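Values quoted throughout were computed directly from the atomic coordinates according to the rules given, and no laboratory measurement underlies them. Remember, predicted model here, so these are calculated numbers, not experimental data. With ideal geometry, Cβ positions are generated from the backbone for all residues, glycine too; neighbour counts draw on all protein chains shown.
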Amino acid sequence: MSDSAGPRLLVVEDDQLLRVILSRALRRAGFVCEAAEDGQVGLDRLRTSSYDLIVTDMRMPRMSGLQMIQAAREEFHDLPPVVVLSGFHDHSDEALVDAGIGKFLAKPVTTQELVGAVWELLGDPR
């Protein structure tokens, strides 16, 4: 886990307003956040920085959250926990959690749900 500044999170979301809202909410909860506008930018960030957890939208242009996670797993083999968000909820998305993705949250998601899921995956050291 990161230093005393708080756990480092990568927030990958194609909707600019939602990306800002999620990042601000997570910062208020004590996390250090970097943001990316799609899976390709997220993958590039994973190549240059380390994170304690990834929060990603499922469906995005250019590269989806799932494609980003799969590419990162192939490249790095040791991926931090992932919270997957999706506004297009179906049971195949939930199956990703069963496959070891981490946690699935259907949009709209509350701040409490998101922060709770992040702390759950990080082992809640608070």
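In terms of overall dimensions, the range 8-122 has a Cα radius of gyration and Dmax of 12.5, 33 angstrom.
Taking the Cα centre of the chain as origin and assigning +1 to Lys and Arg Cβ atoms and -1 to Asp and Glu Cβ atoms, the resulting dipole is close to 400 debye. Considering only Asp38, Asp57, Asp15, the Gaussian network model of the chain with Cα springs below 10 Å gives its largest mean-square fluctuation to Asp15. Put simply, the amide H of Val12, placed in the peptide plane, has neighbours under 5 Å in Ala36, Val55, Thr56, Asp57, leaving out anything fewer than 5 places away on its chain.
Taking the chain as a Gaussian network of alpha-carbon nodes connected by springs under 10 Å, the highest mean-square fluctuation of the residues Arg28, Arg45, Arg19 belongs to Arg28.
Using the rule -39500 (n - 2.57) for each DSSP H run of four or more residues, divided by the residues of the chain, the 222 nm mean residue ellipticity is -13000 deg cm²/dmol.
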